[in-house]
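Novice: Could you have a look at this structure, given as structure tokens, before my questions?
The values are calculated or read from the model by the stated rules, or taken from the named source; none is laboratory data. What you see is a predicted model, and the numbers here were worked out from it, not measured in a lab. All Cβ positions, even for glycine, are placed from backbone atoms using ideal geometry, and neighbour counts span all protein chains on display.
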């Protein structure tokens with residue numbers, strides 16, 4: 001893909017890496033790097049974390065706004081702002097300061113520096129920043145939805161839907177990462193919505209993939225990942241298959257899940273790894289038989305916006321089993337590159353695990369098609385090409 005004429009684009013995001021190697025929104029970092037390779041000059045506007053100011057990482061200028069006393073600037077980065085806000089009334093107060101000082105910082109920045117495009121990620125509530133940036137800087141406004149923000153808005157703040165709809169429709173373009181997310185915007189966004197997914201920042205590493213009879217889950221141990229249903233279903237099948245279950249990740253539900261495994265008598269067949277390095281994760285992808293993502297809708301109404309771990313495993317030519325919810329259905333084609341099951345249904349999940357674990361030929365066929373799915377539909381070059389076409393107005397509505 002040839003280089004395009006340089007544009008100045010300002011990404012607006014809730015959080016961004018605080019230092020080189022910080023594991024925050026790796027796919028967003030990957031997108032920025034690839035846009036820069038195509039001549040798009042991307043800067044980032046985001047919040048401070050415990051007093052952190054403006055800085056540069058890998059040539060990307062990061063504009064951070066302060067919004068409270070240093071010790072309390074922790075609304076973002078370590079976990080989602082949504083999770084923090086639901087736990088503390090003080091965090092709701094922090095949100096007010098976040099919006100006030102973020103608004104002022106955006107006005108100041110766009111008065112001083114001119115951008116061709118302001119690209120909002122997670123538009124609720126950041127569309128406010130975008131509109132003011134457009135007003136004071138003369139930039140075009142793009143808004144990209146990931147799912148959680150619109151579900152959260154509908155569930156927690158339905159009275160804000162109408163004013164939010166007025167604001168979001170001031171965008172010049174709106175995108176969504178999946179068909180599911182685009183459908184959730186029905187009645188809120190009046191313009192055509194372009195579906196532009198993201199891909200994985202982790203590409204398949206060198207080395208031959210093998211099968212060590214391991215079933216892998218990768219993700220944060222929170223309610224919407226549905227790991228308790230995976231453990232329950234594994235307890236139904238572990239005697240009839242030779243596989244071990246590897247649960248990669250950490251989170252607030254870990255202790256409960258480990259206790260559950262002990263209670264069900266399967267603790268010796270399950271490994272809880274906690275957080276691990278990318279190199280070690282790569283090894284698990286290489287050696288697993290398949291990956292399972294048993295996502296559900298949590299109490300906030302949230303679920304998987306896309307399911308990047310599916311793309312990671314599939315890039316290693318590994319088949320997957322996943323719940324048919326959210327953006328997962330844009331990735332997994334039931335009976336083609338993996339298996340889809342109803343959410344929160346351990347019996348159906350157990351049946352799918354048993355089928356996949358017992359049929360090595362099926363795993364190879366699904367695995368080849370899984371890799372093809374990533375190569376053809378979630379290829380970074382294709383994603384960047386679609387996005388730059390929007391930036392330059394070369395797309396067809």
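Novice: Among the numbered criteria (1) outside any strand (DSSP E or B); (2) touching a strand residue (DSSP E or B) at 6+ places or on another chain (Cβ under 6 Å), which single criterion is violated by residue 252?
Specialist: (2)
Novice: With 41, 22 as the choices, which residue is assigned by TED's automatic domain parsing to the domain that holds residue 118, assigned to a strand (DSSP E or B) and either on the phi < 0 side of the Ramachandran plot or in contact with a strand residue (DSSP E or B) (Cβ under 9 Å, 6 or more places away or on another chain) (or both)?
Specialist: Values: 22 fails: assigned to a strand (DSSP E or B).
Testing whether each residue is assigned by TED's automatic domain parsing to the domain that holds residue 118, assigned to a strand (DSSP E or B) and either on the phi < 0 side of the Ramachandran plot or in contact with a strand residue (DSSP E or B) (Cβ under 9 Å, 6 or more places away or on another chain) (or both) leaves just 41.
Novice: Now for a separate question. Do we have residue 200 as closer than 22 Å to residue 306 by Cβ, touching a helix residue (DSSP H, G or I) at 6+ places or on another chain (Cβ under 6 Å) and surrounded by fewer than 16 Cβ atoms within 10 Å (Cβ to Cβ) here? Give the steps one after another, and end with the answer.
Specialist: Values: closer than 22 Å to residue 306 by Cβ: yes; touching a helix residue (DSSP H, G or I) at 6+ places or on another chain (Cβ under 6 Å): yes; surrounded by fewer than 16 Cβ atoms within 10 Å (Cβ to Cβ): no.
Answer is no for this residue.
Novice: From the set of residues in region 142-160 that are outside any helix (DSSP H, G or I) and in contact (Cβ under 8 Å) with a residue 24 or more places away in the chain, which is nearest to residue 391 (Cα to Cα)? Step through it out loud before you land on a result.
Specialist: The initial filter retains those residues of region 142-160 that are outside any helix (DSSP H, G or I), namely 142-147, 157.
Among the residues that remain, those that are also in contact (Cβ under 8 Å) with a residue 24 or more places away in the chain are: 142-147.
On the way: 142: 9, 143: 12, 144: 13, 145: 16, 146: 19, 147: 22 Å.
Going through the qualifying residues, I end up with 142.
Novice: Could you list, in sequence order, the residues of region 290-328 that are in a loop (DSSP other than H, G, I, E, B) and buried (at least 22 other Cβ atoms within 10 Å of the Cβ)? I'd like the intermediate steps shown before the answer.
Specialist: Just the residues of region 290-328 that are in a loop (DSSP other than H, G, I, E, B), to begin with: 294-307, 316-319, 324-325.
Within region 290-328, 294, 295, 302, 303, 304, 305, 306, 307, 316, 318, 319, 325 meet the criteria.
Novice: Quick check on my filter: what residues within region 100-124 are assigned to a helix (DSSP H, G or I) and surrounded by fewer than 15 Cβ atoms within 10 Å (Cβ to Cβ)?
Specialist: As a first pass, look at region 100-124 and keep what is assigned to a helix (DSSP H, G or I): 100-112, 123-124.
Those that are assigned to a helix (DSSP H, G or I) and surrounded by fewer than 15 Cβ atoms within 10 Å (Cβ to Cβ): 100, 104, 108, 111, 112.
Novice: So, in region 353-397, of the ones that are outside any helix (DSSP H, G or I) and in contact with a helix residue (DSSP H, G or I) (Cβ under 7 Å, 6 or more places away or on another chain), which residue ends up farthest from residue 27 (Cα to Cα)? Before you say what the answer is, go through the steps one by one.
Specialist: If we filter region 353-397 for residues that are outside any helix (DSSP H, G or I), which is where we start, we get 359, 378-379, 393-397.
With the extra rule that they be in contact with a helix residue (DSSP H, G or I) (Cβ under 7 Å, 6 or more places away or on another chain), the set shrinks to 378, 395.
Details: 378: 12, 395: 23 Å.
Among residues in region 353-397 that are outside any helix (DSSP H, G or I) and in contact with a helix residue (DSSP H, G or I) (Cβ under 7 Å, 6 or more places away or on another chain), the one farthest from residue 27 (Cα to Cα) is 395.
Novice: Checking residue 234 against (1) outside any helix (DSSP H, G or I); (2) crowded, with 20+ Cβ neighbours inside 10 Å, only one condition comes out false. Which one?
Specialist: Tallying (1) outside any helix (DSSP H, G or I); (2) crowded, with 20+ Cβ neighbours inside 10 Å, residue 234 fails exactly one: (1).
Novice: Another question, then. In this structure, is residue 350 part of a helix (DSSP H, G or I), in contact with a strand residue (DSSP E or B) (Cβ under 9 Å, 6 or more places away or on another chain), under 17 Å from residue 244 (Cβ atoms) and touching a residue at least 40 places away in the same chain (Cβ under 8 Å)?
Specialist: Working: part of a helix (DSSP H, G or I): yes; in contact with a strand residue (DSSP E or B) (Cβ under 9 Å, 6 or more places away or on another chain): no; under 17 Å from residue 244 (Cβ atoms): yes; touching a residue at least 40 places away in the same chain (Cβ under 8 Å): yes.
Against the criterion (part of a helix (DSSP H, G or I), in contact with a strand residue (DSSP E or B) (Cβ under 9 Å, 6 or more places away or on another chain), under 17 Å from residue 244 (Cβ atoms) and touching a residue at least 40 places away in the same chain (Cβ under 8 Å)), residue 350 does not qualify.
Novice: Does any residue of region 133-141 turn out to be in a strand (DSSP E or B), under 19 Å from residue 42 (Cβ atoms) and touching a residue at least 60 places away in the same chain (Cβ under 8 Å)? Steps first, answer last, please.
Specialist: Step one: list which residues in region 133-141 are in a strand (DSSP E or B), which gives 140-141.
Next, only the ones that are under 19 Å from residue 42 (Cβ atoms) stay: 140-141.
Of the ones still in play, those that are also touching a residue at least 60 places away in the same chain (Cβ under 8 Å) are none.
Taking every residue of region 133-141 in turn, none turns out to be in a strand (DSSP E or B), under 19 Å from residue 42 (Cβ atoms) and touching a residue at least 60 places away in the same chain (Cβ under 8 Å).
Novice: Give region 161-192 a look and list any residue that's touching a residue at least 12 places away in the same chain (Cβ under 8 Å), in a helix (DSSP H, G or I) and farther than 27 Å from residue 308 by Cβ, or say none.
Specialist: Within region 161-192, 161, 165, 167 meet the criteria.
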